[in-house]
Amino acid sequence: MQRNTLYAIILFCGFAVATGALLVAAQSMADAYARTVLISMGSALFGAGLTVLVLRLLAATDANQKGA
C-alpha cells in the first residue's frame, strides 16, 4: 500500500471520528440552530474525507494500471 493511500485512510478515519463527535454533541444542544449547524459541519467533514479517500484510491489504481 502506498503512503498516500495510507494517509488518505487515516484522514478519512479521523474525519469520521470527528463527525461522530459532532453528531453526539448535536444531540445535547437545546438550540435547534446550533444542532443543525453541528450536523451540517459533521456531514461536510465526512464528505470531505470520503472525497479525498476516493480520489486517492482512484489515482493509486490508475497509477498501478499504467505501470503494469
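The values are calculated or read from the model by the stated rules, or taken from the named source; none is laboratory data. Note that the coordinates shown come from a computational prediction; the quantities given were computed from them, not determined experimentally. Note: areas computed on protein heavy atoms with side chains; ligands, DNA, RNA excluded. Shrake-Rupley method; radii C 1.70, N 1.55, O 1.52, S 1.80 Å.
Things to note:
- For the chain, the longest principal axis of the Cα atoms and the long axis of helix 3-27 meet at an angle of about 10 degrees.
- When a 1.4 Å probe is rolled over the protein heavy atoms, the share of accessible surface on the chain that falls to carbon and sulfur comes to 69 percent.
- Over the chain, Cα pairs under 8 Å with separation of 6+ residues give a relative contact order of 43 percent.
- Over the chain - Rg/Rh using Cα atoms and the Kirkwood inverse-distance radius: 1.21
- Think of it as helices only: each DSSP H run of n ≥ 4 in the chain is worth -39500 (n - 2.57), and spread over all residues that comes to -32500 deg cm²/dmol at 222 nm.
- Against the main long axis of the alpha-carbon atoms of the chain, helix 32-67 sits at an angle near 0°.
- Centre-to-centre, using Cα atoms only, the range 27-60 and the range 2-25 are separated by 10 Å.
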